[in-house]
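Have a look at the structure below, then the notes.
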Amino acid sequence: MKTYRVAVIAGDGIGQEVIPAGIKVLEAAGARFGFQFEWTYFPWGSDYYFEHGAMMAADALDQLRPLDAIYLGAVGDPRLQDNVTLNGLLLPIRRTFDQYACVRPAVLYAGARSPLAGKQAGAIDFIVVRENTEGEYAQIGGNLYTGSADEVAIQTAVFTRHGTERVIRFAFELARKRGKKGLLTSVSKANAQGYSMAFWDRVFAEVSRDYPDIRTESLLVDAACMDLVRRPESFDVMVASNLFGDILTDLSAIITGSLGLAPSANLNPEKKYPSMFEPVHGSAPDIAGRGLANPLATILAGAMMLEHLGEAEAARQVEETVAKVLAAGRTLTPDLGGTAKTDEVGAAVSAQVED
Ligand code: NAD
Ligand code: IPM
Ligand code: MN
């Protein structure tokens, strides 16, 4: 039987709750469609840090490299500085495995309620492609005279032609493959960032010449935020830098009803390295440990993993089942107005996937 070797990093907070639900659903998909998983569980995260002084093992990346994919919950603990936790785990994985295309769909499902008035199910249906290895997240900079009145902090953004062009090209290909509106929206900020973002716009214009069948639009990021609220129906595929894509995707998540519904795929499209699948949300310390977390984002990220592994039919089945459970409205977590617990939602989806 086809066996996929997947790394599991549940991580911190609600990561520990949503990942078991996701695994249950993926196991059910395997049982139905005739493949199986060999899970390798890694105890990395903030508790690991308190014990070992590092977020993951020294040879963590070598342990992950041979595997087919990585399934990640969330990382972040209020007792630790976020730059320690995230630069010790999540961000090095994205960079080392060249997961340059971060794909974040935003779909308004029947049964989920958008905080925007009058939005019908299906009206919002777009994908944000976020550059995931450089830009504002390049760890280049430093502090001088730390803690003094003369302190200086420098954080440099890095935009390479290679990095910018490939993610824009990926987004054009995706707009073509989706076959929906045939529209790609580039989000940038050249009016303020005359070097990096003007460069981004220039590369976008250049690459667009190879895709005459795809309409293009270029928005400033502030206006794009407004338009995500004003006219979310109009978008198809959006492409943005690392930081802008991060910000846009919390917004795109909430306009579809909940951060707990938004999945994310960190793709190395060439499949030279494992790709990583996770929810858009974080460790949510405010609700952790109480079964309140919505596992659907993680389950949908699992469906994206199935798609990436070549199990398209199973992926579709998982997504359709999530849509059905949402539409039925009987087993929903509190963020969607229900009273169900995390594991009850996971069980409802996995039971129906296997049926
Ligand atoms: P968050 O995404 O963890 O939570 C934001 C809000 O959304 C909270 O009110 C939370 O309760 C709610 N929420 C999030 N996921 C939910 C779910 N599945 N179901 C129901 N409600 C949900 O963002 P934050 O509070 O800004 O960050 C908390 C920690 O997580 C920080 O340490 C941050 O750095 C980290 N973080 C990690 C990742 C990641 O590992 N990929 C992503 C984002 C934030
Ligand atoms: C996300 C998260 C991360 C990011 C943080 C935790 C570094 O917010 O995946 O959206 O900004 O990429
Ligand atoms: Mn984010």
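Ligands, DNA and RNA excluded, the heavy atoms of K180 present near 120 Å² of accessible surface to a 1.4 Å solvent probe. With loop defined by DSSP as not H, G, I, E or B, and exposure as at most 16 other Cβ atoms within 10 Å, which is the longest segment of the chain clear of exposed chymotrypsin sites (Phe, Trp or Tyr not before Pro)? After excluding every exposed loop site, the longest remaining stretch is 196-355. Amide H contacts of V128 (H built 1.01 Å from N, in plane; Pro and chain starts excluded): R104, A106, M238 sit under 5 Å, all sequence-distant by 5 or more or on other chains. Of D213, D12, D150, the order by accessible heavy-atom surface (1.4 Å probe, DNA, RNA and ligands excluded), from most exposed downward, is D150, D213, D12. Note on K181 and D343: with the Förster distance fixed at 45 Å, the Cβ-Cβ geometry gives a FRET efficiency of about 0.75. Between A327 and R290, the FRET efficiency from the beta-carbon distance, with R0 = 35 Å, is close to 0.85. Of all DSSP beta bridges located in segment 126-247, what percent are antiparallel, nearest 5? DSSP beta bridges in segment 126-247 are roughly 30 percent antiparallel. Taking a cut-off of 17 Å, what percent of all Cα-Cα pairs in segment 202-350 are separated by more than that? Tail of P(r) above 17 Å: 69 percent of Cα pairs.
Couplings 3J(HN,Hα) for segment 244-253, derived from phi with the Karplus relation 6.51 cos²θ - 1.76 cosθ + 1.60 (θ = phi - 60°), are 4, x, 4, 5, 4, 8, 6, 5, 5, 5 Hz, where x marks Gly and Pro. Over all Cα atoms in segment 263-355, the spread is summed up by Rg and Dmax: 14.0, 43 Å. Mean silhouette area of segment 1-157, derived from the convex hull of its C-alpha atoms and averaged over all directions, reads 13.5 nm². Under the simplified labelling scheme, the A54-A198 pair shows an inter-label distance of 4.3 nm, with each label point 7 Å from Cα along Cα→Cβ.
Scaled to the globular estimate 2.2 N^0.38 Å, the Cα spread of segment 75-151, given as radius of gyration, is 1.64.
Remark: segment 291-307, residue by residue, has Karplus-estimated 3J(HN,Hα) of x, 8, 6, 6, x, 5, 4, 5, 5, 5, 5, x, 5, 5, 5, 4, 4 Hz, where x stands for each Gly or Pro and the curve is 6.51 cos²θ - 1.76 cosθ + 1.60 at θ = phi - 60°. Loop-located trypsin sites (Lys or Arg not before Pro) in segment 220-310 (DSSP state not H, G, I, E or B) with no more than 10 neighbouring Cβ atoms inside 10 Å: K272.
Considering only beta bridges that DSSP places wholly inside the chain, some 40 percent are antiparallel. Separation of segment 162-219 and segment 26-47, taken as the distance between their Cα centroids, equals 35 angstrom. Equivalent ellipsoid of the chain: semi-axes from √(5λ) of the C-alpha gyration tensor, largest first, are 30, 26, 21 Å. Under the Kirkwood approximation for Rh and a Cα-based Rg, what ratio Rg/Rh is obtained for segment 99-189? So for segment 99-189, dividing Rg by the Kirkwood Rh gives 1.16. Length available on full extension from T156 to Q139: 0.36 nm per residue minus the Cα-Cα distance, which gives 5.4 nm.
For D227 and W39, the difference between the fully extended length at 0.36 nm per residue and the C-alpha to C-alpha distance is 63.5 nm. I'd like to know how segment 162-222 sits against the 2.2 N^0.38 Å rule of thumb: what's its Cα Rg over that expected value? Against the empirical 2.2 N^0.38 Å value, I get 1.09 for segment 162-222.
Just list whichever of K119/K181; K24/K324; K177/K324; K2/K24; K177/K271 have alpha carbons separated by over 20 Å in the model shown.
K177/K324
The values are calculated or read from the model by the stated rules, or taken from the named source; none is laboratory data. These numbers were taken from a predicted model, which means no experiment stands behind them. All Cβ positions, glycine included, derive from the backbone under ideal geometry; neighbour counts span all protein chains shown. The area values use the complete protein model at the heavy-atom level, side chains included, leaving out ligands, DNA and RNA. Shrake-Rupley method; radii C 1.70, N 1.55, O 1.52, S 1.80 Å.
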